[in-house]
Structures are given as structure tokens and as C-alpha cells.
Amino acid sequence: MITIDDFKKIELRVAQIKEVNDHPNADKLLVLTLDAGGKTKQVVAGIKSAYTKETLIGKYVVLVDNLEPALLRGVESQGMVLAGSDESGITIIIPERPLKSGSIVK
């Protein structure tokens, strides 16, 4: 269990996917370039089995904006896109309607 104070440390923001590329060293990963409201973020996401690059461009997603950067198979990821999965596959978590990039998710 975490406290509400722990949860408040997580910065969730709306971001728009601007560019999508195949990860050069992994078959199941995509490299997303996101507009996070005045700043660009690169995120590596394990969603290639569920989405084509073309269907992701322009989508709004929920980004964990203050996650410490990590190298994933040699490519830096500067956050995390929220997604869910079950026996039918993976789906990204998207706002019900487009919000301004950088909007805070509470």
C-alpha cells in the first residue's frame, strides 16, 4: 500500500503522440515522441503488438512525466505511457476527449 502523499508525487500529464518509430533493438517496443505541453519527451513503450505506428500518431495519452529516465535496450525512455492489459491484449489509456498537451491528470 502507498499513502496519498506517495501518490501525489507522481506527475501524470496528457501528451500527444507526434512520432512513432520501431525500437532498433527490440521487436515488441516502439519509440514514441510526445508533445507534453511545451516540452518533448521520448518514451519507449511495449505496445507494438497492439498498435501500428500510423494509428498512434495524433493520439492523446496519459504520461508519467516525472519518472526517472531509463535505458531500455539502449534507447532512453523519459517517462511511461499508461496502458492496461488483459487476455485480449494491450490498450493505451486515453482521455475521453482531447485535452491540451501538458494538462495535469488528477
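If you go through the range 62-72 and keep only what is assigned to a loop (DSSP other than H, G, I, E, B) and either of a type in the set (Lys, Arg) or in contact with a strand residue (DSSP E or B) (Cβ under 8 Å, 6 or more places away or on another chain) (or both), you end up with Asp65, Leu67, Pro69.
Would you point out the residue of the range 73-96, among those that are assigned to a loop (DSSP other than H, G, I, E, B), over 12 Å from the mean Cα position of the chain (by Cα) and touching a residue at least 24 places away in the same chain (Cβ under 8 Å), that is nearest to Ala26 (Cα to Cα)?
Narrowing the range 73-96 to residues assigned to a loop (DSSP other than H, G, I, E, B): 73-74, 78-79, 82, 87-88, 93-96.
Then drop every residue that is not over 12 Å from the mean Cα position of the chain (by Cα), which leaves 73-74, 87-88, 95-96.
Applying the additional criterion that residues be touching a residue at least 24 places away in the same chain (Cβ under 8 Å) yields 73-74, 95.
Values: Arg73: 7, Gly74: 10, Pro95: 28 Å.
Step by step, filter the range 73-96, then rank; the result is Arg73.
Contact map, the range 10-38: first residue more than 12 Å from Ile104 (Cβ to Cβ), second residue exposed (fewer than 14 other Cβ atoms within 10 Å of the Cβ) and of a type in the set (Ser, Thr, Tyr), Cβ cut-off under 8 Å, separation 6 or more or different chains; pairs are Lys18/Thr40; Lys28/Ser49; Thr33/Thr40; Leu34/Thr40. Among the residues making up the range 42-88, those that are within 16 Å of Ile10 (Cα to Cα), buried (at least 17 other Cβ atoms within 10 Å of the Cβ) and not aliphatic (A, V, I, L, M) are Asp65, Gln78, Gly79.
How many residues are in a strand (DSSP E or B) and either more than 19 Å from Gly84 (Cα to Cα) or not hydrophobic (A, V, I, L, M, F, W, C) (or both) if we restrict to the range 35-61? So the count comes out to 5. Summed over the range 1-30, residues that are surrounded by 10 or more Cβ atoms within 10 Å (Cβ to Cβ) and assigned to a loop (DSSP other than H, G, I, E, B) total 8.
FYI, it's all coordinate maths here, none of it is from the lab. In this text the structure is predicted, and so the values were computed from the model without any measurement. A quick note on method: Cβ atoms are made from the backbone with ideal geometry, for glycine too, and the neighbour counts reach across all protein chains shown.
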